[in-house]
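Throughout, read-outs are computed from the coordinates displayed, never taken from laboratory work. All figures in this text were calculated on a predicted structure; none of them were measured in a lab. Note that each Cβ is placed from the backbone with ideal geometry, even for glycine, and that neighbours are counted across all protein chains shown.
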Amino acid sequence: MDFEDMKSGIINLIKKAETELPNDVINALKNALEIEDGIAKTQIEAILKNIDLAKKTKRPMCQDTGIQTFFVNVGVDFPQINKLKDLITDAVKKATKDVPLRPNTVDPFTGENHKDNTGNQIPYITWEFIEGNDVYITAFPKGGGSENMSKLGMLKPGVGIEGVKNFIVEEMIKAAGNPCPPTVVGVGIGGGADLSMKLGKKALLRPVGERHNDKAIAAIEEELINRINDSGIGPMGLGGKTTVLDVHIEKAHRHPASLPVGIAVQCWADRRAQMVIHSDGSWVVK
C-alpha cells in the first residue's frame, strides 16, 4: 500500500474543499440571485464571481481557510486503520504549503502558531466505524466567523418544540451579518450539551436543499428557513430576502430534565468535499 499516494489523495481532498464549492451550494446561491435585487443581488453576484475565480485559479475561495475538520467513516475491515490519523495530519501540514492554507491554529494559552494547521486535537476528526473495507473522508474546513456564531441552548423541556424553534430564530437574528450570510444552519436537538453541538455540525454535511427524511422534522426545517429569511438580514447582513440557504436538523434522545439545542453555522462558503480510500490504497476524490 502506497501511503505517500494516499496522503496525496487527502491533500487533493483538502484542496478541492478549499477551492470548489459543491454544486448544491452554487445552485442555491444562483436561486438566491434570481429573487434578490439591489445591493443584495450585487453581493450574491460578487460571491458567485469569487467562487468561479477560485475554481479556475485553484486558490482558496476565502482568506479564512478554516480549522481543518474531517468526518471519517472507517470500514472495520480496512487493513490500515492505525495509519489514518497520521496520514490526515501529515496531509494537512503539506496542504498548508501546497494549496496554500492560512495557518489558523494557535495555542489557546500562549497564542503560539505552529504555522502548519495542526496542534492539540487539530486537525479535528470525527470517527465512525461502518461495515466493509473502505474509508470515506469528508473534509469540512470551518471558518472562524461563522463558528463564532455557534450557540448552545440548554432549554427547559417545558418550552417544547415551539421554544426550540424560537430559540433558533432568535439566535440567527442576533447573529445578523456576522457569519457572512447567506448561511447554512445546522441544528442538533437532544442528547447532551456536547452531542447536540456535534449533531448540529454533522447536520451541515447534508446537501443544501435536502430535507430530513422525517416529514415532521422536514416541515420544521422549512418553517425555520422562512422565518429566518423573513428577518430581512440578507446577504452579508446588508438586507434582502436570503439570510439562510438552508436549515438542517438532526436529533438524539434526551434526558427528561434536559432539552439541549446546538446551533452550528456555516457561511456562504459551505465548503466540503468527499473521498473514498479503498482497501488496496487506491482513492477517488468525488
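Structure above, values below:
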item	result
Extreme residue, surrounded by the most Cβ atoms within 10 Å (Cβ to Cβ), among residues of the range 125-140 that are closer than 29 Å to Pro103 by Cα and without any contact (Cβ under 8 Å) to a residue 60 or more places away in the chain	Ile125
Options Leu204, Leu259: the member that is among the aliphatic types (A, V, I, L, M) and within 12 Å of the chain's Cα centre (by Cα)	Leu204
Listing of strands (runs of 3 or more DSSP E) fully contained in the range 167-286 that carry 2 or more residues being among the acidic types (Asp, Glu) and touching a helix residue (DSSP H, G or I) at 6+ places or on another chain (Cβ under 8 Å)	244-254
Test: residue in the range 31-44 that is surrounded by fewer than 20 Cβ atoms within 10 Å (Cβ to Cβ), within 27 Å of Gly240 (Cβ to Cβ) and hydroxyl-bearing (Ser, Thr, Tyr)	yes
Number of the exception - Glu171 against (1) among the acidic types (Asp, Glu); (2) touching a residue at least 40 places away in the same chain (Cβ under 8 Å); (3) loosely packed, with under 14 Cβ neighbours inside 10 Å	(3)
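One line per residue, one yes/no per condition, for (1) loosely packed, with under 14 Cβ neighbours inside 10 Å; (2) over 14 Å from the mean Cα position of the chain (by Cα):
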position	(1), (2)
Pro60	no, yes
Gln63	yes, yes
Phe71	no, no
Thr96	no, yes
Thr110	yes, yes
Lys142	no, no
Ser146	no, no
Gly153	no, yes
Lys156	yes, yes
